[in-house]
Amino acid sequence: MLKSNYDVLIIGGGFSGATAAWHLANSGLKVLLIDSKPWNRIGDKPCGDAVSKTHFDDLGMPYPEGNQLEQKIEGIKLYSPDNKTEWTVKGEGFEINAPAYNQRILRETQNKGVEILDLTTAMKPIFEDGFVKGAVLFNRRDNSQIEVNAKVVIEATGYSMSFRSKLPQNLPVTENLEDKDADIAYREVAYTVDDIEDPTYLKIFVNQETSPGGYWWYFPKGKNKVNIGLGIQGGMGYPSIYTFYNKYLKEYGNDLDMKRIEVKGGALVPTRRPLSTLVWNGIIVVGDSAFTANPVHGGGKGSAMIAGYCAAKSVIKAFENGDFSASSLWDANLCYIERYGAKQASLELFRRFLQKLSNEEINYGMKKKVIKEEDLLEASEKGDLQLSVAEKAMRVIAALGKPSLLMKLKTVAEYMKEIKTLYRSYPSNPEDLEKWKSKVNSIVSEFDNAISK
Ligand SMILES: Cc1cc2nc3c(=O)[nH]c(=O)nc-3n(C[C@H](O)[C@H](O)[C@H](O)COP(=O)(O)OP(=O)(O)OC[C@H]3O[C@@H](n4cnc5c(N)ncnc54)[C@H](O)[C@@H]3O)c2cc1C
């Protein structure tokens, strides 16, 4: 078997792995990135392809351009189940051609010296003395096996979690995904018969009958092409996602030219708080594999990029210290939790609450503005659901018809705050992780009890 040594091995070249590589490219480290797919299919996975502009700005990443950009977005229109209320939430973003952008980032990293092997799969970890020390790879181009030793492995295998799942199961980075903490999502990209009225707005339709625990989306990719699909909560014993798609497509996509469908496919999205630690000795887990997607809307590309960025920063520091233990890589946790993870934890609670609402309650809440557009924007940007005293009093009056809904909302806002505070006191070293984790678990189960009453 061939053997080689690298400083860093990145497994998976999707948004998280590619971003980690991009931020490591000028570090002087010897980096190898591998992906099971052929070059021209890397980044090609079922997705709605909508990414907020802020992610690119915050991380200093280039904007999608040319064929990587399909539509500039100005905001989202959100529709109530009865379609009687439409909310507009402004916010710039991009509807991207994900493989084209992803491959551009990979080319840029390759030009700066990162080695990339496509058609290459990490088959099993090299694990010695409590440290991840590399992986055994299989290259389908020449059917060769390669043993790669690396000081740090960045695990970016997406929801397959295909590398970390083969590590000893007592490592904290091997945490499993509960079925109910994932959405099953499916989408098609199709041409429309007529031009789309306003392609600069993404449309989201909430409806517990046509997409229980999730939503339908209609994301324009230009004037006459659309990414249309839905997500439903996993683990609930619902009929298959295709059943929902076929049954309700007409309600959301009656303008599709069914003869001109470009792609179709489905996949899972994690909708929970991130892994309690992204790092352990010799390894950092990023992206869907680390559950970094947004629990409420399931968008995971931006936060996959954040995780990749945080991983790269902590790897560079670990090399400065010559220490690749969990404590030395710990900064990746602090960086990710500060930038996105704490918000994810509070949004997980919000998601658990939303999934329990009936269509009637959602119609009522949106119509009466029990939560307003601004609250929603704040919740999605910061993970805070703030109901100021005066506003609350006003809305108590407005919502007299449903005091229990309002009381519940107050409980939700309190728990969201509590869990975010706990994430703000994330342990500064691995020794304190278990204690902190059990506090998180008890808030989540207390919360579940409180909203089930
Ligand atoms: C239907 C659907 C719609 C979505 N819509 C949106 C949206 O509109 N906006 C948004 O931001 N997010 C959306 N998401 C979520 C988003 O797609 C993911 O969060 C994001 O792409 C995750 O990126 P990643 O790099 O972690 O994983 P991936 O993009 O899945 O990349 C993982 C890579 O690892 C490779 N790999 C896996 N195992 C191995 C191995 N052992 N060896 C070598 N290579 C390996 C794979 O080939 C793959 O290329 C959606 C998801 C779904 C399913």
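The values are calculated or read from the model by the stated rules, or taken from the named source; none is laboratory data. It should be emphasised that the depicted structure is a prediction, and the values quoted were computed from it without experimental measurement. Here Cβ is always computed from backbone atoms with ideal geometry, including for glycine, and neighbour counts include all displayed protein chains. With ligands, DNA and RNA removed, areas are computed over all heavy atoms of the protein, side chains included. Shrake-Rupley method; radii C 1.70, N 1.55, O 1.52, S 1.80 Å.
In the context of the full protein assembly, residue 129 retains an accessible surface of approximately 130 Å², using a probe radius of 1.4 Å and ignoring ligands and nucleic acids.
Pairs of Lys residues in the range 90-165 that lie 8 or more places apart, or on two chains, and have C-alpha atoms under 25 angstrom apart add up to 5. With Cα atoms defining each centre, the range 1-51 and the range 137-161 are spaced 10 Å apart in the structure.
Selection among 295, 415, 342 by position relative to the dipole of the chain gives 415 as farthest towards the positive end (Cβ unit charges, Cα centre). With contributions of -39500 (n - 2.57) from each DSSP H run of at least four residues, the per-residue ellipticity at 222 nm computed over the chain stands at -11000 deg cm²/dmol.
Here are some pairs, 247/369; 30/313; 221/410; 84/247; which of them have Cα atoms lying more than 27 Å apart in this structure? Each step should come with its number before you reach the end.
Details: 247/369 30 Å; 30/313 15 Å; 221/410 38 Å; 84/247 22 Å.
Listed pairs above 27 Å: 247/369; 221/410.
Ordering 222, 103, 38 by Cα displacement along the dipole of the chain toward the positive end leaves 222 in first place; charges were set at the Cβ atoms of Lys, Arg (+1) and Asp, Glu (-1). Note on the range 344-452: Cα-Cα pairs beyond 18 Å make up 52% of the total pair count. Rolling a 1.4 angstrom probe over the protein heavy atoms with all chains in place gives the chain an accessible area of 43 Å² per residue. Shown for the range 183-303 is the translational diffusion coefficient from the Stokes-Einstein equation, using the Kirkwood radius over Cα pairs, a temperature of 4 °C and a viscosity of 1.567 mPa s: 83 µm²/s. DSSP bridge analysis restricted to the chain gives an antiparallel fraction near 70%, rounded to the nearest 5.
Over every Cα atom in the range 16-112, the radius of gyration and the widest Cα-Cα span, Dmax, amount to 16.5, 57 Å. Ligands, DNA and RNA aside, residue 121 has an accessible area near 40 Å² when probed at 1.4 Å.
Can you list which of the GluC sites (Glu not before Pro) found in the range 237-346 are DSSP loop residues with at most 12 other C-beta atoms within 10 Å?
The qualifying sites: there are none.
In straight-distance terms, cross-link reach from residue 37 covers every one of the aspartates and glutamates whose alpha-carbon lies under 15 Å from its own, apart from those fewer than eight places away in the same chain; here that gives 118, 142. Taking all protein chains as shown and a probe of 1.4 angstrom, residue 140 keeps an accessible surface of around 120 Å². Rolling a 1.4 angstrom probe over the chain with all protein chains present gives an accessible area of which 50% lies on carbon and sulfur atoms. Positive contributions from Lys and Arg (+1) and negative ones from Asp and Glu (-1), summed over other residues with Cβ under 10 Å from the Cβ of residue 78, come out at 0. Taking the Cα centre of the range 344-452 as reference, the dipole from Cβ charges on Lys and Arg (+1) and Asp and Glu (-1) amounts to some 360 debye.
Would you please put 199-211, 82-94 in order of how densely packed they are, using the mean number of other Cβ atoms within 10 angstrom per residue and starting with the highest?
199-211, 82-94
In summary, the aspartates and glutamates within cross-link reach of residue 166, defined as a Cα separation below 18 angstrom excluding same-chain residues under 8 places away, comprise 35, 128, 129, 147, 155, 175, 178, 288. Three principal axis extents of the chain based on alpha-carbon atoms, in descending order, are 69, 54, 39 Å. Mean sequence separation of contacting Cα pairs (under 8 Å, at least six apart), scaled by the length of the chain, corresponds to a relative contact order of 17 percent.
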